[in-house]
Amino acid sequence: MVPDECNEVKGELLDLVTQLKDWRHIFGEPCTLDELLDPEEEWEIGENIYSFEGGGAEIVGVVQQEL
């Protein structure tokens, strides 16, 4: 994504947050752009039990087993 496009998307996102606040779908202080794009809850990465080194075929196999 080129810088102008990135800034445009960020601006649109902030406009949407403002619109949601105006519509009273957001209570209190809205999140900042950084908080939206990089939430604190996702900072710590634990063990991923869904690691599929075999690619798509392995994913399909696991899904079929769970059905």
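The values are calculated or read from the model by the stated rules, or taken from the named source; none is laboratory data. Every value quoted in this text rests on a predicted model; they were computed, and no experiment measured them. Every residue, glycine among them, receives a Cβ derived from its backbone with ideal geometry; neighbour counts consider all protein chains shown.
So which residues in the stretch 35-59 are within 21 Å of the chain's Cα centre (by Cα) and modelled with pLDDT of 75 or more, if there are any at all?
Hits for the stretch 35-59 are E35, L36, L37, D38, P39, E40, E41, E42, W43, E44.
For the stretch 4-24, what are the residues that are outside any helix (DSSP H, G or I) and surrounded by 10 or more Cβ atoms within 10 Å (Cβ to Cβ)? So that I can check it myself, show each step before the final result.
If we filter the stretch 4-24 for residues that are outside any helix (DSSP H, G or I), which is where we start, we get 23-24.
Within the stretch 4-24, no residue meets the criteria.
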